[in-house]
Structures are given as structure tokens and as C-alpha cells.
Amino acid sequence: MTAVTPGVLACSVRGCGEALTRHDRAYRCSHGHTFDVARSGYLNLLQPQDRRSTAAGDSAAAVSARARLLAHGVGASILAGIVSRAAALDLPPDPVVADLGCGSGDALAALAALRPIRGVGIDLSTAAITHAVKQSAGRSWTDDVVLTWVVANADRRLPLRDGSVQLVLSLNARRNPAECARVLAPDGFLVVAVPASDDLVELRERVQGTRVTRDRSKSRRVTATYIPLLAPILLVDIDVVAVESDQDRRLHTTQHRPNSHQISSKVHMQKRRGEVSKLLTHTRRRQP
């Protein structure tokens with residue numbers, strides 16, 4: 001694991017929060033708190049009070065199953081749509097990008113393939129972070145790409161310094177508005193993905209026998225939780241249509257992205273079709 005930009009990672013010991021710096025195979029803060037880099041290459045900043053079990057987060061079996069699904073194309077077009085939008089944002093050179101609930105690190109890896117970044121992937125699951133380390137180690141990156149993988153609870157205080165991140169991705173984790181606002185730089189961006197009403201509708205049809213849609217997006221409520229801290233910029237709808245091939249019966253996806261528009265006081269969620277549909281919201285940190 002290459003050291004992330006100094007001044008980004010923060011000590012996770014309760015009441016500390018000082019900057020962590022790399023010293024050979026460990027990170028250390030000015031108060032002497034030390035965190036060893038695991039043999040596989042990740043940094044564990046998870047504190048006992050931030051987990052409910054010794055095996056917190058997704059299991060190795062769940063991580064492996066999700067990787068197989070993505071390898072067959074399930075969710076690939078959603079990932080590509082979100083990453084392409086993130087890559088097009090007006091960010092400084094070599095921005096620090098934090099992916100909260102990064103899982104196997106697919107979003108950070110895809111973004112790093114499009115532009116140089118200093119990425120920090122944070123997940124509660126040691127199995128997911130281990131998978132992310134192995135996956136990223138097997139790819140050839142330019143010298144401008146640095147990816148750091150951290151085991152921590154993104155629902156609690158993030159192990160990141162105030163104002164140190166130019167782009168925060170919140171795609172799969174539970175949302176943490178206050179912490180996102182704290183770690184974002186003044187001109188930073190937050191990208192949030194929210195499931196549409198017919199997310200996984202095909203699976204529900206197979207299990208329940210009917211295509212029941214649910215208002216899982218809660219778009220107005222989600223937007224409202226961020227507005228006191230972050231200024232909304234735009235709303236992007238990514239519509240995904242899943243087609244089953246008669247030849248190999250694998251899921252293939254095509255993507256259609258409607259024109260983006262400015263968020264008004266009333267956000268309208270249109271009906272979606274497809275494998276997985278998500279609403280993508282960009283927000284920029286409010287100037288003090």
C-alpha cells in the first residue's frame with residue numbers, strides 16, 4: 001500500500017483525530033498512536049466501540065458472490081455511469097477521493113483508470129478491503145494514482161482530516177451527511193447514489209410473483225438531509241435496462257442517461273426500468 005497524501009488520514013482513537021503519517025509498515029499520529037499496515041496491504045483503523053462483532057461487515061462469501069455478479073455485468077453499467085460523472089467533475093489535479101463503504105473497491109479502481117486520483121477506500125468489512133487490495137494490486141496504474149484501503153466504520157466519525165477530501169463517494173454505504181461535510185474541502189463534491197423505486201424489481205418478481213415497486217429512493221428526504229450542510233448542484237438519472245440472452249442467459253445492460261437538470265425545490269423521481277436503477281446527486285460543500 002502506497003502512503004496517501006500526508007494530512008488526509010486521521011487517527012481514529014477516541015478524542016484524538018490528529019493526522020497520521022506513514023513510517024515504514026505503520027501509520028503514527030503526533031500523540032504516538034500507531035497502526036500497523038496489514039501484511040496484505042490495508043490499514044485497520046477500526047476501533048472496538050465502532051463495531052458490533054469481531055467479524056463486522058460483509059463476509060468473504062458475500063464479497064466473492066458480489067464480485068461474480070459484477071464480473072457477469074450485473075451493475076456494471078450503473079458503476080460506469082456514476083464513475084464517468086465523477087470523472088467529469090471540476091476537480092483539482094490529483095484530487096483526494098474517499099469512497100465510503102467502498103466494498104471491493106470497484107468504483108475507486110474504475111475512477112483511477114479514467115484520471116489520476118489519491119483514493120481512500122473505507123469499508124467495515126476486512127474481507128471486502130482485502131479483496132480491494134488484491135484487485136488493485138493486479139492492475140497497472142500510472143505514478144499519479146495512489147489507492148489506500150482502510151478498514152473503518154463509515155457510519156461513525158470518518159478517519160479523515162477536516163477539509164482534506166475533494167470528492168466523496170457515497171454509493172453503497174449508509175449516508176453520513178455531517179461527516180461528509182466535515183471532510184470535504186471548501187470546493188469539494190459529494191456524489192450520492194440512491195436506489196429508484198423499481199430497484200431490484202426483477203428479483204422481487206421472481207420471489208414474490210409480482211413486479212412490486214417501492215419508494216426506496218426517498219429522494220426528497222435524502223436531499224433535505226444534506227441541504228443544511230451542502231449546496232445541491234444537479235440531479236442525474238441513470239436508467240438501466242437488463243436483457244437476458246437466449247444464448248448464455250447472462251445479464252447484459254445498456255445505459256441511457258437523460259439530460260441532467262438543476263435541482264429545484266421539488267425533486268421529481270420518474271419511473272425507472274431495469275436491473276438496478278439509481279439516482280445520482282452531486283452536492284458541493286457550502287461556503288462558510
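Just so you know, all these numbers are worked out from the coordinates, no wet-lab data involved. Because the structure is predicted, anything quoted here is derived from the model rather than measured. Note: ideal-geometry Cβ built from the backbone for every residue, glycine included; neighbour counts use all protein chains shown.
A few points about this structure:
- Contact order normalised by residue count of region 12-130, Cα under 8 Å, 6+ apart, percent: 23 percent
- Theoretical FRET efficiency, 1/(1+(r/R0)^6), r = Cβ-Cβ of ALA71 and ARG221, R0 30 Å, to 0.05: 0.30
- Residues TYR226, TYR27 in ascending order of nearby Cβ atoms (within 10 Å, fewest first): TYR226, TYR27.
- Averaging 1/r over each pair of different alpha-carbon atoms in region 36-168 and inverting the result gives 15.2 Å, the Kirkwood hydrodynamic radius.
- Point-to-point label distance, ALA62-ASP162, nm (Cα→Cβ direction, 7 Å offset): 3.4 nm
- On the beta carbon distance between THR34 and ARG139, with R0 = 41 Å, the FRET formula returns roughly 0.85.
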